[in-house]
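Chemist: Take this structure first; my questions come after.
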Amino acid sequence: MAEAIARKEAGDVVEPFSAGLYPLGMIAETTRVVLEDNAYPTEGLASKGLRVFAPHDIDLVINMSGFVGPLAEAGYSSVEPWEVADPYGADEDIYQTILEEIQGRVRRLADRLREELPHEGKRQ
């Protein structure tokens, strides 16, 4: 969900990619439904592992897993922890709650980045 939300809410300051330490291998149907119900496009979303990205190509990792060790071991130095529950297997109401939490966090991050980079037009 975070990638789709960040594309729409913060696409002017970030180039978001979502990846997991232990990817599911598919996008849960409830994820797609809730994103689309909230006007977030889902095309192009895919479940992928963090290993597809080189640490030196990433400016900031938002860690929603709660696991710090694997990120440090992989060489990611700029990591911001967000404690977000994993809604997988829950009902749509839980997915909606999680979406709203991620949405608020992404908006706050985007505002912070816009303040830090007001004239550069640079994406993180």
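The values are calculated or read from the model by the stated rules, or taken from the named source; none is laboratory data. Predicted, not measured: the structure shown is a model, and the values here were computed from it. Methodologically, a virtual Cβ is constructed for each residue, glycine included, from the backbone with ideal geometry; neighbour enumeration extends over all protein chains shown. What goes into the accessible areas is simple: the full protein's heavy atoms, side chains included, and nothing from ligands, DNA or RNA. Shrake-Rupley method; radii C 1.70, N 1.55, O 1.52, S 1.80 Å.
The rows are residues; the columns are (1) over 16 Å from the mean Cα position of the chain (by Cα); (2) at pLDDT 85 or above.
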{"position": "51", "(1), (2)": "no, no"}
{"position": "54", "(1), (2)": "yes, yes"}
{"position": "60", "(1), (2)": "no, yes"}
{"position": "69", "(1), (2)": "yes, no"}
{"position": "73", "(1), (2)": "yes, no"}
{"position": "77", "(1), (2)": "yes, no"}
{"position": "84", "(1), (2)": "no, yes"}
{"position": "95", "(1), (2)": "no, yes"}
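Chemist: Mind listing whichever residues of the stretch 11-49 are at pLDDT 95 or above, of a type outside the set (Asp, Glu) and outside any loop (DSSP other than H, G, I, E, B)?
Modeler: Within the stretch 11-49, 30, 31, 32, 33, 34, 35 qualify.
Chemist: Looking at this structure, is residue 73 in a loop (DSSP other than H, G, I, E, B), more than 21 Å from residue 109 (Cα to Cα) and open to solvent by 70 Å² or more (accessible area, probe 1.4 Å)?
Modeler: When the stated conditions are applied, residue 73 does not pass them.
Chemist: Within the stretch 22-59, which residues are hydrophobic (A, V, I, L, M, F, W, C) and surrounded by 15 or more Cβ atoms within 10 Å (Cβ to Cβ)?
Modeler: Those that are hydrophobic (A, V, I, L, M, F, W, C) and surrounded by 15 or more Cβ atoms within 10 Å (Cβ to Cβ): 27, 28, 34, 35, 45, 50, 53, 58.
Chemist: Find all pairs meeting these conditions: Cβ atoms under 7 angstrom apart; at least six residues apart or on different chains; first residue within the stretch 65-82 and closer than 21 Å to residue 24 by Cα; second residue of a type outside the set (A, V, I, L, M, F, W, C) and assigned to a helix (DSSP H, G or I).
Modeler: Between residues of the stretch 65-82 that are closer than 21 Å to residue 24 by Cα and residues that are of a type outside the set (A, V, I, L, M, F, W, C) and assigned to a helix (DSSP H, G or I), the close pairs are 74/55; 82/105.
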